[in-house]
Each structure stands twice: as structure tokens, then as C-alpha cells.
1. Which percent of Cα-Cα pairs in the chain sits in each 20 Å bin, short to long?
2. Using the C-alpha gyration tensor of the stretch 169-278, what are the square roots of 5 times its eigenvalues, in whole angstrom, with the largest one first?
3. Helix 126-136 sits at what angle to the longest principal axis of the chain, using alpha carbons and giving 0 to 90 degrees rounded to 10?
4. What is the chain's relative contact order, in percent, from Cα pairs under 8 angstrom and six or more apart in sequence?
5. Give me I293, I180 sorted ascending by neighbouring Cβ count inside 10 Å, so fewest comes first.
6. Along the positive direction of the dipole of the chain (beta-carbon charges: Lys, Arg +1; Asp, Glu -1; about the Cα centre), which of N185, L51, L63 reaches farthest?
7. About the Cα centre, and with charges only on the beta carbon of Lys, Arg (+1) and Asp, Glu (-1), how big is the dipole of the stretch 25-161? Nearest 20 debye, please.
8. Can you compute the helix-only [θ] at 222 nm over the chain? Use -39500 (n - 2.57) per DSSP H run of at least 4 residues, normalise by all residues, nearest 500 deg cm²/dmol.
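Bear in mind that the values in this text are calculations on the coordinates, not laboratory data. Only a predicted model underlies this, so the values are computations on that prediction, with no experimental measurement involved. So basically every Cβ, Gly included, is an ideal-geometry build from the backbone, and we count neighbours across all protein chains shown.
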Amino acid sequence: MFSRVNVRPRSVVVVLAFAFVAIALFLDVAIRNDPISVDFHTYLAAAQVGLRDGWSNVYDQALVALQQKDLVPDQISQPFISPPTVALIAAPLSVLPYNVAYVVWAFLTFLAFAVALAWAGVSKGWSRWIAVAGALSPWWVMHAVNVGQVVPLVAAGTVLAWRLMRDRRDILAGVALLAILLKPNTASLVPVALLFAMRWRVFASWLAGTAVVSVLILMTIGVDGMTSYISQLRQPMPSGGDNLTLHGALDVTGVVATLLRVVIVGAVLAAAYRWRRSPGLVLPLAIVGSLIIAPYLHGSDLCVLAAAAWMVWEERPVLSWRLPLAAGWLLASPYFYLRGMTPELRQWPWLEYALLAALVVAAWWPLTTRAASRSRAPA
């Protein structure tokens, strides 16, 4: 959109914005102090338990802890509570030395997200690449890569699905959304929202793919393995996982938190139905709603928030939407993060609340239909 505007001051703003996010991304790569590979360490340990002791034992936390010590004796150990799919996709890297395996994993997860953004964009000129750099530049993206999180793959899958839906390749879009199975709490509302948006083929494709994956997992880890996984989900989550939740941001628990989640889910599904003629906004709407209702999140999980903001940027090529999004990327930049000038983790959900409110209100806005028709055309 910006590339079509011939006003010189805006061109200067575009160049400066692109330069900033590029510098921010460089700083994020070059200057970090995260505990390197702590999550990948757990994934690979669980995969090795499966390969050596049988996949039914992948949630035997004592065996997982021993494997973690064998991999890196001085690395912190943590329980493996991810879906079985994570251990399965990490398993091929067990043939490599640990440091090499981590580098390969980190490179591929970051590359998957970056390539998905670059390929899926529909904007033209500078605005397309500002969005790519902006979505990659928040501190939580490289944090996810540094700790070896799987969530960049979830973000990549949702981005690919968004573009495939725009191209009316619904079956492939549903397949792309299978990435949600790697970390369901980050995008749990997406399939249901698509159902309310009447994207029947996308939902059916995702549901069929999920059924196939579930059968394969059951055949691999067995009933005992699935029982152990379900048992893990019932255990109290490790400390520090509620900063980005309703409890962390609003200090609500129990009945109040449950009622808030019901209201949020209802608002998301109602807005998804309203957006059924412009389904490109259903994905970011459902992603943001999923993050808000999640009972357990870490900073790295905000990768999917970056993906959602990118989708809104592409769907709404107007300054009234893009300026707040750019401001959010600026606020999340590693420069401000390293200087302690970004919001605390407990404050970031307020950004999600604001974006969700904007999307829900826009679903009932009088000009929604006209704006939706304009957003379908490449910017």
C-alpha cells in the first residue's frame, strides 16, 4: 500500500521504519543472554528416551532427566510436557552431536518462520518487507530460537495457512494448520473459529489430518504413553508460566477467570462468524483469543502473536491499522528490551486485549464489508 503513495514524507517514514526493524533484528541475533537450547535439550532427551527405551516411556520423567544429563551435564533439566509430536520430529537429530543438532534445529525453526512470512505476503514494495522484518524483530522471536522452542513452527504453519486460504487452497490450508498440534495452547481456538467462519473444507482437512496424526501417535507411543501424557497435563504447570495469562495480567483466578474465558471465546466465535466473508482476519482473531485464554504460556509463545499481527498488517493496508502494529513491533524491539524499556511480561497481555478488542469491534463496524473487499486485493 505504501509503495503506491507518492507523498514524500511517507516514503521517508517507510525507509526509516524498515531500517529500524532490520537493525532491531540484527541486535536480537547478536546480543542475547538467554539460556541457550534449554527447551530443545528437553525435546531431544525425550526423543532419545523413545528411541532407546521405547516410545511408551517418553513421559517417564526420570528417564528424560537422565538423558538430559547425558546430553549436557551442566544444562538445566526440566520435565517433558510437550505433545508426543515434538519428540517425534526432534528424533532424527539424535544422530548428530548435541551442539550440531541444536544449531540445525534453531536454524530450521527460524528459517521456517521467516520463509513463511516472505512467501505468504501479498503487500507490494516496502510495506511487504517491513511486515516481514517487523514480525521477526520482537525479542520473543529470537528468544524462542535461542531456547530451541517449537513455537516458531506453529507460527509458520498459521502464516502458510492464512495465505493458502486467501488462494482458496483450503485442503492445503488445513494441512498447514496441523502445526498447531506441536503446541496446541498457542492456537487452540483456530480450528473452532474456522468452523464458525464456515470454512468447512479447511476445518475438515485439519480434522482429518489430526485424526491421522493421532492414530500414528497412538500406534507409536501406545495406550500407556497416551495415558502418561494426559496425566502430565493434569499436573500443576511449572512455575513462571502464568505471567502472560489472565492470572498474571489481571490477577484473576477460579470462577472469575473461567467466566472471562467463556466471554472471550464467545466473542471470538461470534466475530469469526461475522468475518465469514473475509476469513483472512479469522486466523489472527483466533490466535489472539487463544493466547488470552491459555492457562500456561512463556515469552517465546508470543511468536504466534507476531504472526497474528503480520496477518492483520496484510489484511488491513491502511495507516489506522498499520501504525499501531508498527508501534507494537517497535515497543517489542530488542533495543528497548535490552535497555529494560519494554513492558514486563505481565503487561504484554494488554496488547493482546487491545488487538482482540479492535478485531471484534471491526467485525460489527458499519464499514466492515467495504474494508473487507478492499483487503482481498494485494496491497
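1. Taking all Cα pairs of the chain, the binned fractions are 29, 59, 12, 0 percent.
2. Values: eigenvalues 137, 122, 21 Å².
Sorted largest first and rounded, they come to 26, 25, 10 Å.
3. Between the helix axis and the principal axis of the chain, the angle is about 30 degrees.
4. Relative contact order comes out at 21 percent.
5. By the 10 Å Cβ count, ascending: I293, I180.
6. N185
7. Numbers: 5 positive and 7 negative charges, 95 e Å.
Here the stretch 25-161 has a charge dipole of around 460 debye.
8. The per-residue figure over the chain is -22000 deg cm²/dmol.
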